[in-house]
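For reference, the structure discussed in these notes is given below.
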Amino acid sequence: MNPRADRPQSTIVLQLIDAVVNGRELSRIEELLHPDFFDHDAAASRACGPAGFRSTVRALHDSYAGFRLEPRDVIAADGKVVVRATASGRQLEGCGREWSAQQIHIFRLAQGRVIEHWASSDGPATARAAEPHCLEAPERGATSSSAIGQGLPHESTRAPPGGYKPMPPSSAGKAAE
């Protein structure tokens, strides 16, 4: 009998988020992830197995100081757990802009461990969108070689509609709701 199978599925997912994603307790990955884990939204080099998930967690924390995923709603049914969450952090490159993004994560469990993950997020676009706000505005018609500009002419350095949401200085380190 698998002792993990007795725990509620939402508890397993919330432990993964709290201990591993937020707390960087990478030693708990094998306890919470199935050996056949697959992340449908990770880069191919980080999509498979506990080692891939470990690389994803490291990459997030290496890119964003204070990276956190704060669950707002959790729904468990039919072997899956859905989490609506707010991700937040501060860019380590560029100007260090703080950002937050709403995300939806779906986890499928098998044998008391997470075996699959899907996500819908504006997080990567949000983080990239923060960078131009720290730079001087280029001349009209100038191009950018950054990932956010993708070589397209700059019209403005304003955030796109529905894009990046800066956190007020008074709430530094806290996710916006």
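On inspection, Asp78 fails the criterion of being under 19 Å from Glu116 (Cα atoms), of a type in the set (Asp, Glu) and surrounded by 17 or more Cβ atoms within 10 Å (Cβ to Cβ).
Within segment 76-103, the set of residues being in a strand (DSSP E or B) and free of Cβ contacts under 8 Å to residues at least 24 places away in the same chain comprises Ala77, Arg84, Gln102.
For segment 22-35, the tally of residues that are touching a strand residue (DSSP E or B) at 6+ places or on another chain (Cβ under 8 Å) and either within 21 Å of Leu92 (Cα to Cα) or modelled with pLDDT under 95 (or both) stands at 1.
Going by the conditions given, is Leu69 modelled with pLDDT of 95 or more, over 12 Å from Val114 (Cα atoms) and in contact with a helix residue (DSSP H, G or I) (Cβ under 6 Å, 6 or more places away or on another chain)? Judged against the criteria, Leu69 is a match. Residues in segment 32-69 that are part of a strand (DSSP E or B) and more than 17 Å from Gln15 (Cβ to Cβ): Pro35, Asp36, Phe38, Asp39, Cys48, Tyr64, Ala65, Gly66, Phe67. Just one of (1) touching a residue at least 12 places away in the same chain (Cβ under 8 Å); (2) of a type outside the set (A, V, I, L, M, F, W, C); (3) surrounded by fewer than 15 Cβ atoms within 10 Å (Cβ to Cβ); (4) not in a strand (DSSP E or B) fails for Arg72. It is (4).
Taking segment 54-101 as the range and being more than 13 Å from the chain's Cα centre (by Cα) and aliphatic (A, V, I, L, M) as the test, the residues that pass are Val74, Ile75, Ala76, Ala77, Val81, Val82, Leu92. Being at pLDDT below 95, buried (at least 16 other Cβ atoms within 10 Å of the Cβ) and among the hydrophobic types (A, V, I, L, M, F, W, C): is that true of Ala42 here? So Ala42 fits the description; yes. For segment 17-29, state whether one or more residues are under 16 Å from the mean Cα position of the chain (by Cα), part of a strand (DSSP E or B) and surrounded by fewer than 16 Cβ atoms within 10 Å (Cβ to Cβ). Among the residues of segment 17-29, not one is under 16 Å from the mean Cα position of the chain (by Cα), part of a strand (DSSP E or B) and surrounded by fewer than 16 Cβ atoms within 10 Å (Cβ to Cβ), which makes the answer no.
The values are calculated or read from the model by the stated rules, or taken from the named source; none is laboratory data. Just so you know, these numbers come straight off a predicted model, no measurement behind them. Cβ atoms come from the backbone with ideal geometry, glycine included; neighbour counts cover every protein chain shown.
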